[in-house]
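Here's a structure for you.
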Amino acid sequence: MPRLDQLLVSQGHARSRTRAQRLIRHGRVRRAIDGKVLTRPGEKCPEELELLVEEDPEERYVSRAGLKLEAVLHTLSLDLKDLTVLDVGQSTGGFSDCALSFGANHVIGIEVGHGQLDAGLVDDPRITCLEGLNARAMSEDPRLITAIAEQGPLGAAVMDVSFISQTLILPEIAALLPSGAPLISLVKPQFEVGPGGVDDRGLVTDPRRYSEVEQRIRQCCAEFQLDIQHWQDSPILGGDGNREFLLHAQRR
């Protein structure tokens with residue numbers, strides 16, 4: 001007999017055993033026959049066991065990043081319907097997944113790494129994943145130029161990058177976006193303040209640095225004709241516990 005966490009995956013209740021285990025830990029899995037909450041991921045269960053699973057908000061997208069993008073889209077009532085969206089720092093695809101759920105026609109993802117996109121998105125025809133591509137030089141990359149030509153002009157951009165300052169990428173995004181197109185970016189201050197601004201755990205040590213980061217990014221956006229319309233706290237802390245922010249800008 002399979003383990004409970006394996007059964008959740010095979011029955012389609014969870015994308016992975018890790019996510020299944022989180023559902024179990026949070027008390028969201030019940031046995032249908034009597035409503036008993038099942039609490040042990042390793043419990044052996046018959047394959048035909050009927051399960052009742054409560055929705056976990058963190059399961060809505062392939063990563064928690066999708067919830068962060070969702071928050072600002074809801075706050076501002078932004079519409080991605082039928083747009084081709086550029087996703088800078090695609091990683092596992094949380095932003096891409098969210099953009100599609102908000103009506104995007106196609107997402108072109110930029111990722112410097114390899115093999116990170118969630119298995120559930122890899123074969124989605126609405127997603128183009130350009131791996132091994134440095135966002136600092138993407139506006140002239142032939143692969144991206146071809147993808148934009150094939151999928152139609154960009155209508156919006158989203159960004160979630162780590163280990164690099166966004167000020168190094170914003171000029172490239174500005175070069176690609178047409179006038180009036182929105183940019184939504186997740187700002188991670190720990191990668192903007194430099195090594196001297198974080199402790200051994202990578203946490204920003206001085207809250208006053210947050211306003212410095214905001215001003216620096218505002219200045220960079222203004223320089224490259226991106227007008228910031230909105231700046232807010234992310235409703236979810238970063239995985240390392242850092243405070244994060246979301247900005248909405250519009251290409252002039």
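Name, by its number, the condition in (1) over 22 Å from ILE110 (Cα atoms); (2) surrounded by 13 or more Cβ atoms within 10 Å (Cβ to Cβ); (3) at pLDDT below 95 that does not hold for ARG208.
Failing condition for ARG208: (2).
Among the numbered criteria (1) touching a Gly at 6+ places or on another chain (Cβ under 9 Å); (2) in a helix (DSSP H, G or I); (3) among the β-branched types (Val, Ile, Thr), which one does THR39 miss?
With respect to (1) touching a Gly at 6+ places or on another chain (Cβ under 9 Å); (2) in a helix (DSSP H, G or I); (3) among the β-branched types (Val, Ile, Thr), THR39 is out only on (2).
Considering each residue of region 221-241, count those that are exposed (fewer than 12 other Cβ atoms within 10 Å of the Cβ) and touching a residue at least 60 places away in the same chain (Cβ under 8 Å), and give that number.
The total comes to 1.
To continue, here is another question. So which residues in region 1-35 are over 25 Å from THR92 (Cβ atoms) and surrounded by 11 or more Cβ atoms within 10 Å (Cβ to Cβ), if there are any at all?
MET1, PRO2, GLY27, ARG30, ARG31, ALA32
Out of all the residues in region 18-38, which are in contact with a Lys or Arg (Cβ under 8 Å, 6 or more places away or on another chain) and within 15 Å of GLY120 (Cβ to Cβ)?
Once the filter is applied, which keeps residues that are in contact with a Lys or Arg (Cβ under 8 Å, 6 or more places away or on another chain) and within 15 Å of GLY120 (Cβ to Cβ), region 18-38 yields nothing.
Check region 123-141 and report whether any residue there is farther than 23 Å from GLN229 by Cβ and touching a Lys or Arg at 6+ places or on another chain (Cβ under 6 Å).
Within region 123-141, one or more residues are farther than 23 Å from GLN229 by Cβ and touching a Lys or Arg at 6+ places or on another chain (Cβ under 6 Å).
Among the residues of region 103-123, count how many are part of a helix (DSSP H, G or I) and in contact with a Ser or Thr (Cβ under 7 Å, 6 or more places away or on another chain).
1
Could you count how many residues in region 26-50 are within 30 Å of the chain's Cα centre (by Cα) and on the phi > 0 side of the Ramachandran plot?
The total comes to 1.
Specify the residue that is farthest from ALA14 (Cα to Cα); the eligible residues are those in region 60-92 that are assigned to a helix (DSSP H, G or I), hydrophobic (A, V, I, L, M, F, W, C) and out of contact with any Pro (no Cβ under 6 Å at 6 or more places or on another chain).
Checking each candidate, the answer is LEU76.
Could you please give the count of residues in region 177-220 that are free of Cβ contacts under 8 Å to residues at least 40 places away in the same chain and of a type in the set (Ser, Thr, Tyr)?
Residues flagged as free of Cβ contacts under 8 Å to residues at least 40 places away in the same chain and of a type in the set (Ser, Thr, Tyr) within region 177-220 amount to 3.
The values are calculated or read from the model by the stated rules, or taken from the named source; none is laboratory data. All of these numbers come straight from a predicted model, not from anything done at the bench. So basically every Cβ, Gly included, is an ideal-geometry build from the backbone, and we count neighbours across all protein chains shown.
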